[in-house]
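The values are calculated or read from the model by the stated rules, or taken from the named source; none is laboratory data. Being a predicted model, the structure only gives us computed values, none of them experimental. Ideal geometry is used to build each Cβ from the backbone, glycine not excepted, and the neighbour counts take in all protein chains shown.
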Amino acid sequence: MARLKIYGKTKLCGRVKISGAKNEALKAIPLTVILKNKVRICNAPNIIDVVNQAKILESLGAKISFADNVISVDPTLITRHDITSTCAGKLRASIVFAGPLLARFGEVSLPYPGGCLIGARPIDTHLNAFRQVGAKIKENKDVFSICLANPTNSNVILQEKSVTATENIVLYAAGVPVKTKIENCAIEPEITDLLHQLVKAGCRIKGIGERSVEIIGSKDLSIDEFTVMPDRIEAGTFAAAFISTGGQGEISPFPAESLTSFLDILEDCGAKIKIKDDTAIVSGGGKLKPFKISTAPYPDFPTDLQSPMSLIAACAEGESIIIENMFENRLFYLNELKKMGLKAEILDPHTAKINGGANLKPTTIESLDLRSGITLLIAAIMTEGTTIIENAQIIDRGYEKIEEKLKALGAKIERID
Ligand code: EPU
């Protein structure tokens, strides 16, 4: 358990470099299972979730080293298709090993995934997709197994536009030499990039970036290097941090093209943000208008940027509305911010309203999940006095060198482990 002591208030100012995308690096690791050669995953963020995902791959037999944001993997040494590593229960993305292991070995068994407690997070869409390609599934209390001896051409219609379910079935399809059509796909930028990397490795794919994708996989995939794209959620979070602390800064690389819905809302609010090449120049301090956001799969407003928006709502003049459609426990961080004096009301598990203009007061608060954790950290930076954040180690799961980056922008943070 870690606790952060934040001495506010600080207007964050300066330049910040965005790390590689957590939610892409976490899928690049299982992708290596279907490759025939050694591969380097570059720009991988050195964060707890990525380290745990790499440990799972290592437990299957792969040789791995992780230094200077490069994960070098020799997947030729993988011999196991049963995941027993306790790391699997620590993150949601562990489930994305199912597809590539099934493709390579015709069978796989793994524990149910873990991850942030942001809602029920079922895996029915994953299992249903595997059933549609002809796999047999056995579910026990702690472990489930999937087997499919002879892959054939198939059509899959995903029940939900689930990010990890799309990735799981895509990585299965990429590793088997048959044609798989997948409909109702999630099209988050990390998925689109994953598909492009698979094409580079030798897959034939039609419909990249569309809801319906057709993949002809191969047992002979090979790629030397996989470069992880910049983390759009970290980039958006820093934009919210500069705006809500009233500071000024430059964020790069800033993947503006994958943050359109977020940037549109900021523009409507009156936030000052200019994009120049791959850099966002953000100036806080002006008047902000209230807003309404409603989270939904990409290209709509990302659930992972919902909580930082509450800080902009806190600074806006009037009542903002947040509708969190994706996960039913993702508004509870507002109860922590209410302890600091935020004028917020959770109307139901999916809807909250926030009135701006309250002077936040320091107190002890607790981070509930990774995205709300960073939000509390920025709220503490906005607040005069000493705020304490409990359960702060959860923030390390998703943000690389976060204290270092915030301190370089002027924040005063002390960690007590
Ligand atoms: N859903 C089902 N059944 C399933 C899978 C999903 O009903 O089998 C529902 C979920 O309950 C949810 C919706 O579908 O309402 C979307 O969930 P999705 O499966 O897309 O979420 P995920 O794949 O578990 C990923 C990210 C999350 C991010 C969501 C939405 C990873 C490892 N996680 O989760 O990231 O919030 O997509 O974009 O890629 C985070 O980074 O903090 C994080 C939670």
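List of remarks:
- Candidates 251, 233, 243: the one that is within 16 Å of the ligand (Cβ to nearest atom), outside any loop (DSSP other than H, G, I, E, B), hydrophobic (A, V, I, L, M, F, W, C) and surrounded by 19 or more Cβ atoms within 10 Å (Cβ to Cβ) is 233.
- Listed by first and then second residue, the pairs with beta-carbon distance under 6 Å, at least 6 apart or on different chains, first residue in the stretch 131-143 and at pLDDT 95 or above, second among the β-branched types (Val, Ile, Thr), are 132/156; 135/146; 137/146.
- Counted residues, the stretch 84-98 - those being outside any helix (DSSP H, G or I) and more than 16 Å from the ligand (Cβ to nearest atom): 2
- Residue 23 vs. criteria polar (S, T, N, Q) and in a loop (DSSP other than H, G, I, E, B): no
- From the list 174, 135, the one residue that fits, being closer than 24 Å to residue 210 by Cβ and among the small types (Gly, Ala, Ser), is 174.
- Extreme residue, farthest from the ligand (Cβ to nearest atom), among residues of the stretch 283-324 that are more than 21 Å from residue 12 (Cβ to Cβ) and of a type in the set (A, V, I, L, M): 321
- Condition check for residue 416: surrounded by fewer than 18 Cβ atoms within 10 Å (Cβ to Cβ), aliphatic (A, V, I, L, M), touching a Lys or Arg at 6+ places or on another chain (Cβ under 6 Å) and touching a residue at least 24 places away in the same chain (Cβ under 8 Å): yes
- Elements of the type helices (runs of 4 or more DSSP H) sitting completely within the stretch 321-417 and holding at least 1 residues that are within 26 Å of the chain's Cα centre (by Cα) and among the small types (Gly, Ala, Ser): these cover 370-382, 402-408.
- Residue count for the stretch 60-77, restricted to those that are of a type in the set (Gly, Ala, Ser) and either closer than 23 Å to residue 370 by Cα or surrounded by 17 or more Cβ atoms within 10 Å (Cβ to Cβ) (or both): 1
- Total residues in the stretch 380-395 satisfying the condition of being of a type outside the set (Val, Ile, Thr) and either buried (at least 20 other Cβ atoms within 10 Å of the Cβ) or free of Cβ contacts under 8 Å to residues at least 12 places away in the same chain (or both): the figure is 3.
- Pair list, Cβ < 9 Å and 6+ apart or interchain, from the stretch 216-238 residues that are free of Cβ contacts under 8 Å to residues at least 12 places away in the same chain to residues that are surrounded by fewer than 18 Cβ atoms within 10 Å (Cβ to Cβ) and of a type in the set (Val, Ile, Thr): none
Here is a yes/no grid of residues against (1) charged (D, E, K, R); (2) in contact with a strand residue (DSSP E or B) (Cβ under 7 Å, 6 or more places away or on another chain); (3) away from the ligand (no atom under 13 Å from the Cβ):
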site: 4; (1), (2), (3): no, yes, yes
site: 16; (1), (2), (3): no, yes, yes
site: 24; (1), (2), (3): yes, no, no
site: 28; (1), (2), (3): no, yes, no
site: 36; (1), (2), (3): yes, yes, yes
site: 39; (1), (2), (3): no, yes, yes
site: 42; (1), (2), (3): no, yes, yes
site: 48; (1), (2), (3): no, no, no
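- Output for the stretch 350-360, where each listed residue is modelled with pLDDT of 95 or more and over 20 Å from residue 391 (Cβ atoms): 350, 351, 352, 353, 354, 355, 356
- Restricting the stretch 99-125 to residues that are assigned to a helix (DSSP H, G or I) and either at pLDDT below 95 or near the ligand (Cβ under 8 Å from one of its atoms) (or both), the residue that is surrounded by the fewest Cβ atoms within 10 Å (Cβ to Cβ) is 124.
- Hits in the stretch 33-57 - residues which are more than 17 Å from residue 400 (Cβ to Cβ), out of contact with any Ser or Thr (no Cβ under 8 Å at 6 or more places or on another chain) and surrounded by fewer than 24 Cβ atoms within 10 Å (Cβ to Cβ): none
- When the criteria are applied in full, residue 79 fails the requirement of being away from the ligand (no atom under 12 Å from the Cβ), modelled with pLDDT under 95 and among the β-branched types (Val, Ile, Thr).
- Condition met for residue 149 (of a type outside the set (Lys, Arg), modelled with pLDDT under 95 and more than 15 Å from the ligand (Cβ to nearest atom)): yes
- Check on residue 133, more than 16 Å from residue 95 (Cα to Cα), β-branched (Val, Ile, Thr) and more than 11 Å from the ligand (Cβ to nearest atom): yes
- Pairs where the first residue, in the stretch 153-173, is under 16 Å from residue 203 (Cα atoms) and within 13 Å of the ligand (Cβ to nearest atom) and the second is modelled with pLDDT of 95 or more and in a strand (DSSP E or B), C-beta under 6 Å, 6+ apart: 169/156; 169/182
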